[in-house]
1. Compute and list, largest first, the equivalent-ellipsoid semi-axes of region 21-116 from the alpha carbon gyration tensor, each √(5λ) rounded to a whole angstrom.
2. Report the extension gain between GLU94 and GLN159 in nm, rounded to one decimal, defined as 0.36 nm multiplied by the number of residues separating them, less their alpha carbon distance.
3. Give the long-range amide H neighbours of GLY128: residues separated by 5 or more places, or on another chain, with amide H under 5 Å away, using H modelled in the peptide plane at 1.01 Å from N.
4. Which whole-number percentage describes the relative contact order of region 43-199, with Cα contacts under 8 Å and a sequence gap of 6 or more?
5. Quick check: pseudo-label points 7 Å beyond the Cα along Cα→Cβ at ALA147 and ILE39, how many nm apart are they?
6. What are the ³J(HN,Hα) couplings of region 102-109, residue after residue, when phi is run through the Karplus curve with 6.51, -1.76, 1.60 and θ = phi - 60°? Round to Hz, x for glycine and proline.
7. Quick one: longest stretch of the chain between exposed loop GluC sites (Glu not before Pro), exposed meaning at most 12 other C-beta atoms within 10 Å and loop per DSSP?
8. Please compute the contact order of region 1-80 in relative form: average sequence separation of alpha-carbon pairs under 8 Å and at least six residues apart, divided by the residue count, as a percent.
Amino acid sequence: MKVYFHLNIEGFSNCYVIVNEKTMQAIIVDPGIITHQIIDNIEHSGYTLAGVLVTHNHGSHVHGLKVLRKIYTPQIYAADWEVAGEETYILKDEGTIEIAGLSVDYMSVPGHTPDSMVYKIGNVLFTGDVISAGRIGSSNNKFSERALINNIQQKILSQTEDTILMPGHGPPTTVGAERLYNVGINPPETDKREKLGLI
């Protein structure tokens, strides 16, 4: 398996092209924009686009689907039917699917959005906006924030520390790094002292 990174300048979001060199098939994660580079990545290498994984239905992660569906006919996987209507294969809770000859684990991690999905292929997690390097996704209220933190701790930080996180925004990171340094999970010492009434 190889993972190619593409930056969507318009939304500063990450799009990933995952390829299985054995089957010569590809998967796209979060097509916020479809560029010539992404098409070249697939076409010049002779890959067949087998599927699209959507982490959540926000524009900077799905706008490229319109272009993509004019060129290819991949199966689209998401937790929100509105991503692609009847062409959306709806995912719920947790499970495993096979795409492009690869085993893809998926898990629902709501909090940033109700439809947030995280995908695991090998030792790589594609986390969308659930968690990124040093921070967690935004949420609308304290209840959603607490649910998000609990979901991250149970489903993501429970993975082995060398598990690689490929977020929807920003650089890659690891589970080990986020356990130690993510301020959304581990607030700075001053915040901890304030909460305890020590300062």
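The values are calculated or read from the model by the stated rules, or taken from the named source; none is laboratory data. It should be emphasised that the depicted structure is a prediction, and the values quoted were computed from it without experimental measurement. Neighbour counts run over all protein chains shown; Cβ positions are idealised from the backbone, glycine included. Only protein heavy atoms, including side chains, enter the accessible area calculation; ligands, DNA and RNA are left aside. Shrake-Rupley method; radii C 1.70, N 1.55, O 1.52, S 1.80 Å.
1. The answer is 22, 16, 11 Å, longest axis first.
2. 21.9 nm
3. Residues meeting the criterion, in which the H sits 1.01 Å from N, are GLY168.
4. In percent, rounded to a whole number, it is 16.
5. For the pair ALA147/ILE39, the computed spacing is 4.0 nm.
6. 10, 7, 10, 8, 10, 8, 6, 9
7. 22-160
8. The normalised contact order for region 1-80 reaches 27 percent.
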